[in-house]
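For reference, the structure discussed in these notes is given below.
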Amino acid sequence: MYRFLLSRQWVILTLVALVLIPVMIELGFWQLHRHERRVAQNALIADNLKAKPVPVETLTSPGHTVPRADYWRRVTATGTFDTAHEVVVRRRTNADENVGMHVLTPLVLKDGRVVLVNRGWVPAAADQKAYPAVPPAPKGEVTVTGRLKADETTGASGIKDLRGLPDRQVMLINSAQQAELTGAEVLGGYLEQTAPAAPGGSPEQIPEPDHDSIGAHMAYAVQWWLFASGVPVGWIVLVRREKRDQEAARRESPEPAPAAV
């Protein structure tokens, strides 16, 4: 009755179904884990943004790698801006998705160490090789409040990548890179300034990270699991249809005539 299942076509179809089921289940768990990570990150951002600011020196030091638990932690730093070693970070967008640059200014702390301060976004100059118009940093001793961020580290973060770039322009915010350039003791990570606000709104402050949306990962997980459950259902439907078609074909075929005596 079900002998057709041993045919080459049905063996291949069955094997494909058996492969698809675990693959789709695994894809569902992959999306579930992405959902869980997004929820955990949103909670971390919200908690760190609500936390009382602490001195930046208590969370990082020269050569320190900022752990994920301290990302976006509110910190303060008191010192004097070193505008002589100020640089801009290329290819950065603002809240309106306009491409410009971030202004990275070292802040010399009272003990002589340095923390990098991302003062915000400015439009790029018409000539990409030219230094943009950057409002001057405040003079004298200042106290800056901001969000602690980790160094930007990718395969393009080495000092060698400064070759070919215009003067005082970098691609990434990296404390080790700036320590190499300035010869100063630079605290690991950097501070994304939120206060005091710049006069006239320039540099434009970097907005808070999104910590409300969770994306559609959970919906995608359920979708993959529904697909996985649909595979055996579809296989059974096809088997029954094939069985019905073969039975109908047998009924419609004429009976062979009896042999003459």
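The values are calculated or read from the model by the stated rules, or taken from the named source; none is laboratory data. Here the structure is a predicted model, which is why all the values come from computation and not from measurement. All Cβ positions, glycine included, derive from the backbone under ideal geometry; neighbour counts span all protein chains shown. Please note that ligands, DNA and RNA were not included when accessible areas were found on the heavy atoms of the full protein model with its side chains. Shrake-Rupley method; radii C 1.70, N 1.55, O 1.52, S 1.80 Å.
Of all residues in region 175-218, those satisfying the criterion of being assigned to a loop (DSSP other than H, G, I, E, B), open to solvent by less than 60 Å² (accessible area, probe 1.4 Å), farther than 23 Å from Pro138 by Cβ and at pLDDT below 95 are Pro209, His211, Ser213, Gly215, Ala216.
Between Thr145, Thr80, Thr105, the distinction of being open to solvent by 50 Å² or more (accessible area, probe 1.4 Å), of a type in the set (Val, Ile, Thr) and touching a residue at least 12 places away in the same chain (Cβ under 8 Å) belongs to Thr80 only. Might you check whether a residue that is modelled with pLDDT of 85 or more, farther than 13 Å from Asn118 by Cα and in a helix (DSSP H, G or I) occurs anywhere in region 155-170? Checked region 155-170: no residue is modelled with pLDDT of 85 or more, farther than 13 Å from Asn118 by Cα and in a helix (DSSP H, G or I).
Restricting region 19-39 to residues that are over 27 Å from Pro232 (Cα atoms) and charged (D, E, K, R) leaves a set whose member that is most open to solvent (accessible area, probe 1.4 Å) is Arg37.
Residue by residue, here is whether (1) touching a Ser or Thr at 6+ places or on another chain (Cβ under 6 Å); (2) without any contact (Cβ under 8 Å) to a residue 12 or more places away in the chain; (3) crowded, with 19+ Cβ neighbours inside 10 Å; (4) under 15 Å from Asn174 (Cα atoms) holds:
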site: Ala84; (1), (2), (3), (4): no, yes, no, no
site: Asp96; (1), (2), (3), (4): no, yes, no, no
site: Val114; (1), (2), (3), (4): no, no, yes, yes
site: Gly120; (1), (2), (3), (4): no, no, yes, no
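Residues in region 124-137 that are out of contact with any Ser or Thr (no Cβ under 9 Å at 6 or more places or on another chain) and open to solvent by 40 Å² or more (accessible area, probe 1.4 Å): Ala126, Asp127, Gln128, Lys129, Tyr131. Note on region 55-70: residues that are of a type in the set (Val, Ile, Thr) and either crowded, with 17+ Cβ neighbours inside 10 Å or in contact with a Ser or Thr (Cβ under 7 Å, 6 or more places away or on another chain) (or both) total 3.
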